[in-house]
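The values are calculated or read from the model by the stated rules, or taken from the named source; none is laboratory data. Owing to the predicted nature of the structure, the values given are computational and were not obtained by experimental measurement. Neighbour counts run over all protein chains shown; Cβ positions are idealised from the backbone, glycine included. SASA here: full protein model, heavy atoms, side chains in, ligands and nucleic acids out. Shrake-Rupley method; radii C 1.70, N 1.55, O 1.52, S 1.80 Å.
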Amino acid sequence: MSAPPPVPAETTEPLGNGDTARASLEALRSEIAKAVVGQDPAVTGLVVALLCRGHVLLEGVPGVAKTLLVRALAASLELDTKRVQFTPDLMPSDVTGSLVYDARTAEFSFQPGPVFTNLLLADEINRTPPKTQSSLLEAMEERQVTVDGTPRQLPDPFLVAATQNPVEYEGTYPLPEAQLDRFLLKLTVPLPSREEEINVLNRHSDGFNPRDLKSAGIRPVAGPADLEAARNAVARTKVSPEIAGYVVDICRATRESPSLSLGVSPRGATALLSTARAWAWLTGRDYVIPDDVKALALPTLRHRVQLRPEAEMEGVTPDSVITAVLAHVPVPR
């Protein structure tokens, strides 16, 4: 997945809220670039997730700016944001909130946790045990938190941007399949190229402070109204029966792959169609083409499949299986 190309004049919608919203979301890229060098696919993935009301899992080795990327996104949006550092001793109530006894009134009152925000940065989510990881399941799926039998709605928009280190790293707990499936996208954050790394060093030499994004000149360029207008425009993006069939064929092919013990579920097919529609709108079209599906297949599906042990020992990866599926499933004309 790469950055959306410039929008051709002949394919744009009539000027209006949709175009204004698109311009605002495209401006996010320029703002984030003031703090983060490169990582264009990850930035685009975060924008797609915002459009689809989905959540994002960012995976990469320590020190590749995963947290900085999400913080820069939050600084570029007029949205409330909170950060939770996931540690082995973190409790579920530290995320969702809990009932607190008030001695003055002799009653229990609910104290909201950091999950009650628009953009939640769940930092190093796989460094906390599954019990605490699962505290986010209801919030991510239902957009609510139930404490003492009472459901409490979360704000809208609500997005979880979680970072994790590769599972083979010391002190990590692999996310269960049920939780992985709640993430719309899994984005890999690679090490920078030599030129990009030199750029990072030059910025730091010039006084860039990653803990002070205001000094980098990052300002809010989009807000809830832009998101709502953009989501309405995405909802109007047309999907032909052939494209819907193409998405289904891709997902069904993963279930038949000899390298996989678990293929993509119908929820995964729905997610792929949603992200393809968002990508189509970002590139200036009001209809989906097969290339949109291909562009979002890896980040949307890679965490929804499970390799067989023998395939994993042979060096097969989820990305390689999905790439092979895309090469063999007939493309509609």
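Spin-label pair ALA27-GLN144: with each label point 7 Å from Cα along the Cα-Cβ axis, the two points sit 3.6 nm from one another. With bins 10 Å wide beginning at 0, the percent of Cα pairs of segment 270-313 falling in each bin runs 28, 40, 20, 11, 1. Debye-formula intensities of segment 10-120, expressed as log10 I(q)/I(0) at q = 0.10, 0.14, 0.22 Å⁻¹, are -0.44, -0.73, -1.29 (one equal scatterer per alpha-carbon, no solvent).
Estimated translational diffusion coefficient (Stokes-Einstein, Kirkwood radius over Cα pairs, 10 °C, 1.306 mPa s) of segment 164-271: 83 µm² per second.
Calculate log10 I(q)/I(0) of segment 241-296 for q = 0.19, 0.31 Å⁻¹, where I(q) comes from the Debye formula with a single equal point scatterer on each Cα and nothing for solvent. Debye intensities relative to I(0), on a log10 scale: -0.63, -1.22.
In plain terms, the chain from SER193 to ALA103 could stretch by 26.6 nm, reckoned as 0.36 nm per residue minus the Cα-Cα distance.
Annotation: SER215 carries an accessible surface of approximately 80 Å², with a 1.4 Å probe and no ligand, DNA or RNA atoms counted.
Once you've got the Cα coordinates, tell me which of LYS131/LYS186; LYS34/LYS294; LYS186/LYS214; LYS82/LYS214; LYS186/LYS238 are over 23 Å apart.
Pairs exceeding the cut-off: LYS34/LYS294; LYS186/LYS214; LYS186/LYS238.
First check a/c for segment 253-333, with a ≥ b ≥ c the square roots of the eigenvalues of its C-alpha gyration tensor; if it is under 1.5, answer rounded, and if not, answer prolate when a/b is larger than b/c or oblate otherwise. Taking the square roots of the gyration eigenvalues as a ≥ b ≥ c, segment 253-333 is prolate. Here the dipole of the chain is about 340 debye; that uses its Cα centre as origin and unit charges on the Cβ of Lys and Arg (positive) and Asp and Glu (negative).
Note on the chain: with a GNM built from Cα contacts shorter than 10 Å, the maximum mean-square fluctuation among SER259, SER193, SER93 falls on SER193.
Heavy-atom accessible surface of segment 225-287, averaged per residue, reaches 42 Å², computed with a 1.4 Å probe. Hey, how much of the P(r) for the chain falls beyond 29 Å, as a percent of Cα pairs? Tail of P(r) above 29 Å: 41 percent of Cα pairs. In the context of the full protein assembly, HIS328 retains an accessible surface of approximately 150 Å², using a probe radius of 1.4 Å and ignoring ligands and nucleic acids. The overall shape of segment 181-333 is oblate: from the C-alpha gyration tensor, with semi-axes ordered a ≥ b ≥ c, the ratio a/c is 1.5 or greater and a/b is no larger than b/c. Normalising the Debye intensity of segment 133-214 to I(0), with uniform scatterers on Cα atoms only, and taking log10 at q = 0.14, 0.16, 0.18 Å⁻¹ returns -0.77, -0.88, -0.96. Net length available on complete extension from VAL239 to LYS82 is 52.9 nm, with 0.36 nm assigned per residue and the Cα-Cα distance removed. The portion of the accessible surface of the chain made up by carbon and sulfur, rounded to a whole percent, is 54 (1.4 Å probe; DNA, RNA and ligands excluded). For the residues MET140, MET91, a 1.4 Å probe over the protein chains yields an accessible-area ranking, largest first, of MET91, MET140. From the alpha carbon centroid of segment 56-95 to that of segment 199-260 is 16 Å. Heavy-atom accessible area with a 1.4 Å probe sorts SER135, SER274, largest first, into SER274, SER135. Residue separation of GLU177 and THR317 scaled by 0.36 nm, minus their Cα-Cα distance, works out to 48.8 nm of gained length.
Of all DSSP beta bridges confined to the chain, the antiparallel ones make up roughly 40%. Gyration tensor over the Cα atoms of segment 80-169: the corresponding equivalent ellipsoid has semi-axes (square roots of 5 times the eigenvalues, largest first) of 24, 15, 11 Å. Ligands, DNA and RNA aside, LYS294 has an accessible area near 80 Å² when probed at 1.4 Å.
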